[in-house]
1. Scan region 18-70 for residues that are of a type in the set (S, T, N, Q) and modelled with pLDDT of 85 or more and report the count.
2. For region 74-111, enumerate the residues that are in a loop (DSSP other than H, G, I, E, B), surrounded by 13 or more Cβ atoms within 10 Å (Cβ to Cβ) and either touching a strand residue (DSSP E or B) at 6+ places or on another chain (Cβ under 9 Å) or not aliphatic (A, V, I, L, M) (or both).
3. Mind listing just one residue for me: the one in region 69-87 that is in contact (Cβ under 8 Å) with a residue 40 or more places away in the chain and in contact with a Phe, Trp or Tyr (Cβ under 6 Å, 6 or more places away or on another chain) and, of those, nearest to L245 (Cα to Cα)?
4. Among (1) assigned by TED's automatic domain parsing to the domain that holds S228; (2) without any contact (Cβ under 8 Å) to a residue 24 or more places away in the chain, there is one condition P57 misses while meeting the rest; what is its number?
5. Given the criterion in contact with a helix residue (DSSP H, G or I) (Cβ under 9 Å, 6 or more places away or on another chain) and in a loop (DSSP other than H, G, I, E, B), identify the matching residue among D231, D225.
6. Looking at region 127-159 only, could you name the residues that are surrounded by fewer than 15 Cβ atoms within 10 Å (Cβ to Cβ) and within 30 Å of L107 (Cβ to Cβ)?
7. For V209, state whether it is under 25 Å from the mean Cα position of the chain (by Cα), surrounded by 10 or more Cβ atoms within 10 Å (Cβ to Cβ), part of a loop (DSSP other than H, G, I, E, B) and β-branched (V, I, T).
8. Which of (1) in contact with a Leu (Cβ under 7 Å, 6 or more places away or on another chain); (2) of a type in the set (A, V, I, L, M, F, W, C); (3) part of a loop (DSSP other than H, G, I, E, B) is the odd one out, the single condition V114 does not satisfy?
Amino acid sequence: MFESESTTTAPGFGPPSTTAATDTLASPTAAMVDYPFRLLADEIVLGTYPITRKRRPLGSLVSYLFVTDSRVVYSAEGKTFCSSSIQTKEYQVPKIEGIEIGRHRGLNALGVAVSIGVVLNFLGMVMLAVLAGTSDYVPAEFGLGGAFLAIASLVVGIIVIAILRRSTATLKVVGPQNSQTLANETDLLKLFMMILLFLIFGVFIGFTVVVWALIRELGVFKADDAQSYADADNIDRIAHEVGALILDVQARGKLAGRD
């Protein structure tokens, strides 16, 4: 994957780059940068914007948006201990009508409802534990067990609330027509083996789904997973700068990004 303009090393998961148009044009090594796409003979990269930067114990996931004087290129790469994958999308600047963004921070209605439910559940279980512990007809172990369950439910509830509070972002290019598939991923042998395993070990399907989700969060990503991990804190600046740069290219062509 792409690295910053100050390096000329081979592609890899390098430090994030937020180079502005003027920096790219002024850099004497700009032509030597390894981009994840092939530049035309007279094409210049005006801006580079990191969208996703995810590092986990088992792998890394990055995605960038590049704006040139003729194209907008989205490129994502996932690398794990057992696989690597890439995804690239290209849009011609004259056909782009705009940039669409979305961002959410904090709790929505579901998150608020869950928070209230967690608090009420904790208070209710504490009251039951206290009543059980002070009752002469209930063994003391029930009170201790109730207290443990109350604390455990509170911890689990806090984790759920933290997950629901995670910032999310979307970024879309408006205008280009729907893509036409020229080649697709198909592996009948892999599909057959998965079906066979599910038929043999069907009783463990629920366990398999849980393990799959855990392994994925530990870093076994594919390139197209980058769309689910956009940096919400950076999305506003990306949309503003990319939108302005696209308008500049549409209006001034090769002169875009120059003072």
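1. So the answer is 6.
2. Listed by number, the list holds a single entry, I96.
3. Taking the candidates together, the pick is V72.
4. Unmet for P57, out of (1) assigned by TED's automatic domain parsing to the domain that holds S228; (2) without any contact (Cβ under 8 Å) to a residue 24 or more places away in the chain: (2).
5. Of D231, D225, the one residue that is in contact with a helix residue (DSSP H, G or I) (Cβ under 9 Å, 6 or more places away or on another chain) and in a loop (DSSP other than H, G, I, E, B) is D231.
6. M127, V130, F148, I151, A152, V155, V156, I158, I159
7. no
8. Answer for V114: the failing condition is (3).
The values are calculated or read from the model by the stated rules, or taken from the named source; none is laboratory data. Just so it is clear, the model here is predicted, and its values are computed rather than measured. Cβ atoms come from the backbone with ideal geometry, glycine included; neighbour counts cover every protein chain shown.
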